[in-house]
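K.L.:
I'd like to ask some things about the structure below.
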Amino acid sequence: MIRKVRPEDAKSITDIYNRYVQESIVTFETEPLAVEVMLERINDISRDFPYYVYEIEGNVAGYCYVHPWKERAAYKYTLETTVYLTSECKGKGIGRQLMDVLINDCRKSGYRALIACITSKNEESCRLHERLGFKKVSHFEKVGMKFGEWLDVSDYELLFEE
């Protein structure tokens with residue numbers, strides 16, 4: 001079941017995210033977050049933008065949201081996407097379902113473009129976004145360092161028709 005995020009989801013979301021922080025190059029954050037920090041992020045984002053969780057038998061199995069891509073006023077119609085799943089839920093279509101809801105919500109709300117900033121080695125996410133209609137529009141070489149490795153980042157863009 002996909003539903004809007006609630007404050008009580010903060011612990012589950014923190015657990016999902018911290019696993020990526022500690023074990024993967026998917027996020028460039030390097031230190032695990034406290035639940036209180038994640039709750040503040042959730043509240044800040046969900047106050048103004050779509051934020052969804054995928055729930056299975058009362059447990060959060062994944063989440064997605066959008067937030068401003070850049071701070072300047074001229075960018076107000078462009079948002080950046082984020083999606084994370086538990087490792088057990090990868091490859092089951094849950095990320096696609098979450099992103100479909102998020103994309104449709106953004107389209108109906110009058111946004112013009114969505115940007116996904118993806119670590120280039122995160123091939124699963126690159127493929128997901130391509131299947132969703134995102135096009136690769138940039139590639140930055142060796143812009144992040146994690147686990148002693150220089151990492152590339154690619155931006156993918158989804159434009160909505162006017």
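The values are calculated or read from the model by the stated rules, or taken from the named source; none is laboratory data. From a predicted model like this one, the values you see are computed outputs, not experimental measurements. Reconstructed Cβ throughout: ideal geometry from the backbone, glycine too, with neighbour counts over all protein chains shown. Accessible surface is based on the protein model in full, side chains and every heavy atom, while ligands, DNA and RNA are left aside. Shrake-Rupley method; radii C 1.70, N 1.55, O 1.52, S 1.80 Å.
K.L.:
Give me a comma-separated list of calculated 3J(HN,Hα) values for the range 46-53, in order, Karplus coefficients 6.51, -1.76, 1.60 applied at θ = phi - 60°, integers in Hz, x for any Gly or Pro.
P.N.:
5, 5, 10, 9, x, 8, 10, 10
K.L.:
Counting only protein heavy atoms, what percent of the accessible surface of the chain is carbon or sulfur at a 1.4 Å probe?
P.N.:
48
K.L.:
Can you pull out the trypsin sites (Lys or Arg not before Pro) in the range 93-139 that DSSP calls coil and that have at most 16 other Cβ atoms within 10 Å?
P.N.:
Details: sites: Arg96, Arg107, Lys108, Arg112, Lys121, Arg127, Arg131, Lys135, Lys136; in loops: Arg112, Lys121.
Passing both the DSSP loop test and the Cβ count: Arg112, Lys121.
K.L.:
Okay, next question. Can you figure out the FRET efficiency of Met145 with Lys11, using R₀ = 35 Å and their beta-carbon distance, to the nearest 0.05? Could the numbers behind the result be given before it?
P.N.:
Working: r = 30 Å, r/R0 = 0.85.
It comes to 0.75.
K.L.:
Related question: Grab the beta carbon distance between Phe160 and Ser138, set R0 = 30 Å, and tell me the FRET efficiency rounded to 0.05.
P.N.:
The pair Phe160/Ser138 has a calculated efficiency of 0.95.
K.L.:
Name the residues of the range 110-143 whose amide N is less than 17 Å from a point 7 angstrom out from the Cα of Ala74 along the C-beta direction?
P.N.:
Those under the cut-off are 112-113.
K.L.:
Just subtract the alpha-carbon distance of Ser87 and Arg131 from 0.36 nm times their residue separation and send over the number in nm, one decimal.
P.N.:
Extending this stretch completely gives an extra 13.8 nm.
K.L.:
Considering only protein heavy atoms, what per residue accessible area in square angstrom results for the range 1-128 with a 1.4 angstrom probe?
P.N.:
Dividing the accessible area of the range 1-128 by its residue count gives 55 Å².
K.L.:
Let me ask something else about it. Multiply the residue gap between Arg3 and Asp105 by 0.36 nm, knock off their C-alpha separation, and tell me the result in nm, one decimal place.
P.N.:
Stretched fully, the Arg3-Asp105 segment lengthens by 35.5 nm.
K.L.:
To make sure I understand the rule: partners must be lysines, Cα under 20 Å from the Cα of Lys70, and not fewer than 8 residues away in the same chain. Which ones qualify?
P.N.:
Straight-line reach from Lys70, under 20 Å: Lys135, Lys136.
K.L.:
Considering Cα pairs under 8 angstrom that are at least six residues apart, work out the relative contact order of the chain and quote it in whole percent.
P.N.:
Relative contact order here is 19 percent.
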